[in-house]
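> Could you have a look at this structure, given as structure tokens, before my questions?
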Amino acid sequence: MGGHGAIKLGMLFPDVFTSVYALSPYVLGLEKDYGKDGEAYKQAQTIKSRDTLITGYKYLNANAVIAVDVGNNAYSFGRYFECRKHRVLLSGYLGSIGFGFPAAMGASAAAPGKSIIAVTGDGGFGQYLAEFTTAVKYGMNITTILVNNGELGKISNEQRDIELPVWQTSLVNPNFSEYALSCGGLGIRVTDVAELEEAMARAIINMGPAVVEIMADPELT
Ligand SMILES: Cc1ncc(C[n+]2csc(CCOP(=O)(O)OP(=O)(O)O)c2C)c(N)n1
Ligand SMILES: [Mg+2]
């Protein structure tokens, strides 16, 4: 924190000990700070990733190729998705986050006419965000189902499992749907489960890259 921060602190709190104490959850990363999207996450606290899978996926073509990222989003997919003739791509063994969207691009390049789906979290999709412009450039027909829970949710769970405080897993994200629009693709943000069906239907019909950004509660999977 630079000199500017110190001046502000001095004005807010009477002494340095009070200031350090008041800020310690943020400094230690124990307090969640989702930045400008904090309100949107609060609104979305009833959306579970299984809603995404059960409600949303009925719109997928029975023979779509589905590239799944790594994290809670992948566990939910494994638990709730009913596979028909779909082909599913996973980052087997390595389990590298960020796999979902680039794998979907690979599938699209290999099978240009097919309906391709990427299932990702915000952490994973954020890693290859700029690639969305490549998908726009080549008119790739990829629908990205992005479970935006504002954190590296799987890592939070691992910390809870061994009874550690949840530490340094919250993310300050861009508005992913606006980002998709600004790149020339389709972007839809869903903050209420009632909007999910229409959003999915629009994205699937769209012939080109689309992001359905679902604001989800990180505590629910
Ligand atoms: C390259 C790489 N770095 C770190 C990890 C560890 N890791 C597994 S899941 C995960 C978080 C995923 O977060 P997000 O994409 O937001 O998905 P969520 O769990 O929130 O659904 C991380 C960091 C990994 N698997 N691969
Ligand atoms: Mg996440």
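> Quick check on the stretch 105-116: of everything there that is in contact with a helix residue (DSSP H, G or I) (Cβ under 8 Å, 6 or more places away or on another chain) and at pLDDT 95 or above, which residue is farthest from ligand 2 (Cβ to nearest atom)?
Residue satisfying both the conditions and the ranking: S108.
> Which is within 14 Å of ligand 1 (Cβ to nearest atom), among the small types (G, A, S) and in a loop (DSSP other than H, G, I, E, B), of G78, G95?
Within the list G78, G95, the selection yields G95.
> Only residues that are buried (at least 24 other Cβ atoms within 10 Å of the Cβ) and more than 9 Å from ligand 1 (Cβ to nearest atom): list them for the stretch 118-141, please.
Listed by number, the residues that qualify are A118, V119, F132, A135.
> For the stretch 153-181, give me the residue count where each residue is in a loop (DSSP other than H, G, I, E, B) and hydrophobic (A, V, I, L, M, F, W, C).
Matching residues across the stretch 153-181 total 6.
> Exactly one condition in (1) modelled with pLDDT under 95; (2) touching a Pro at 6+ places or on another chain (Cβ under 7 Å) is not met by A135; state its number.
Going through (1) modelled with pLDDT under 95; (2) touching a Pro at 6+ places or on another chain (Cβ under 7 Å) one by one, A135 breaks only (1).
> Any residue at all in the stretch 182-193 that's in contact with a strand residue (DSSP E or B) (Cβ under 6 Å, 6 or more places away or on another chain), free of Cβ contacts under 8 Å to residues at least 40 places away in the same chain, crowded, with 20+ Cβ neighbours inside 10 Å and in a helix (DSSP H, G or I)?
Checked the stretch 182-193: no residue is in contact with a strand residue (DSSP E or B) (Cβ under 6 Å, 6 or more places away or on another chain), free of Cβ contacts under 8 Å to residues at least 40 places away in the same chain, crowded, with 20+ Cβ neighbours inside 10 Å and in a helix (DSSP H, G or I).
> In the stretch 89-103, is there at least one residue being in contact with an Asp or Glu (Cβ under 8 Å, 6 or more places away or on another chain), within 16 Å of ligand 2 (Cβ to nearest atom), touching a residue at least 24 places away in the same chain (Cβ under 8 Å) and of a type in the set (V, I, T)?
Looking through the stretch 89-103, at least one residue is in contact with an Asp or Glu (Cβ under 8 Å, 6 or more places away or on another chain), within 16 Å of ligand 2 (Cβ to nearest atom), touching a residue at least 24 places away in the same chain (Cβ under 8 Å) and of a type in the set (V, I, T).
> Restricting to the stretch 191-221, and then to whatever is in contact with a helix residue (DSSP H, G or I) (Cβ under 9 Å, 6 or more places away or on another chain) and of a type in the set (S, T, N, Q), can you tell me which residue is nearest to W167 (Cα to Cα)?
In this case the residue turns out to be T221.
The values are calculated or read from the model by the stated rules, or taken from the named source; none is laboratory data. Quantities reported herein were computed from a predicted structural model and do not represent experimental measurements. Note: ideal-geometry Cβ built from the backbone for every residue, glycine included; neighbour counts use all protein chains shown.
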